[in-house]
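The values are calculated or read from the model by the stated rules, or taken from the named source; none is laboratory data. Quantities reported herein were computed from a predicted structural model and do not represent experimental measurements. No Cβ is skipped: glycine too gets one built from the backbone with ideal geometry, and neighbour counts run over all protein chains shown. Note: accessible area is taken over every heavy atom of the protein model, side chains too, but ligands, DNA and RNA are not part of it. Shrake-Rupley method; radii C 1.70, N 1.55, O 1.52, S 1.80 Å.
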Amino acid sequence: MIVVSDTSPLTALLTVGEAELLPKLFQEVIIPEGVLSELLRSHPSLPAWLRVAGVKDTERAGRYAQIVDAGEAEAIELARELHADRLLIDERKGRRLAVEEGVAVIGLVGVLLLAKRRQLIPSARVLLQRLEREAGIYLSDD
């Protein structure tokens, strides 16, 4: 399964030291250059398994950037271009746009549930609490 990721889920997992879940769950994790720039602001070194790819249709990504932030816009477009199995994104507006553009999405909670099902973590609830406490992840009641 190929996954393109937005910044916030990766930042959260890197912050709590659980980013290694991603290559255990997905065959390939790819980020666009805009997400790379955003990640490097707070994480000077990134995992070697993380692949960076450029967006081909910058005009379309630019149109998306009128609705969502630049990193999200590039991630949506890259997932569309690569026919990725999923886009890892948490922001509601970005998720909505991705789905409108035919891109399947998964959020951080979905990743944790997959990790729990595959017995990669003992408790999704405990990791969610750590993500809230240590990485500032906000989870709505939805």
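Selection of the stretch 42-56 for residues being more than 22 Å from residue 21 (Cα to Cα) and either open to solvent by 60 Å² or more (accessible area, probe 1.4 Å) or of a type in the set (Phe, Trp, Tyr) (or both) yields only 56.
Counting only helices (runs of 4 or more DSSP H) that sit completely within the stretch 61-142, those holding 3 or more residues that are within 13 Å of the chain's Cα centre (by Cα) correspond to 70-82, 92-100, 108-117. Looking only at the stretch 14-30, decide whether some residue is of a type in the set (Phe, Trp, Tyr), open to solvent by less than 60 Å² (accessible area, probe 1.4 Å) and closer than 25 Å to residue 129 by Cα. Yes, because at least one residue in the stretch 14-30 is of a type in the set (Phe, Trp, Tyr), open to solvent by less than 60 Å² (accessible area, probe 1.4 Å) and closer than 25 Å to residue 129 by Cα.
Specify which of the listed residues (88, 139, 128) is among the hydrophobic types (A, V, I, L, M, F, W, C) and at pLDDT 95 or above.
Result: 88 is the single residue among 88, 139, 128 that is among the hydrophobic types (A, V, I, L, M, F, W, C) and at pLDDT 95 or above.
With respect to residue 59, determine if the residue is more than 23 Å from residue 40 (Cβ to Cβ), acidic (Asp, Glu), open to solvent by 70 Å² or more (accessible area, probe 1.4 Å) and modelled with pLDDT of 95 or more. Taking the combined requirement at face value, the residue satisfies it. A Cβ distance below 7 Å, combined with a sequence gap of six or more or placement on separate chains, defines the contacts here; from the stretch 87-112, residues that are more than 20 Å from residue 138 (Cα to Cα) reach residues that are assigned to a loop (DSSP other than H, G, I, E, B) and among the charged types (D, E, K, R) in the pairs 104/85. Under 8 Å between Cβ atoms, which residue pairs at least 6 apart in sequence (or on different chains) link something in the stretch 1-25 that is free of Cβ contacts under 8 Å to residues at least 40 places away in the same chain with a partner that is buried (at least 17 other Cβ atoms within 10 Å of the Cβ) and not in a helix (DSSP H, G or I)? From the stretch 1-25, the pairs are 23/29.
Taken together, the criteria exclude residue 65 from residues that are crowded, with 16+ Cβ neighbours inside 10 Å and closer than 17 Å to residue 28 by Cβ.
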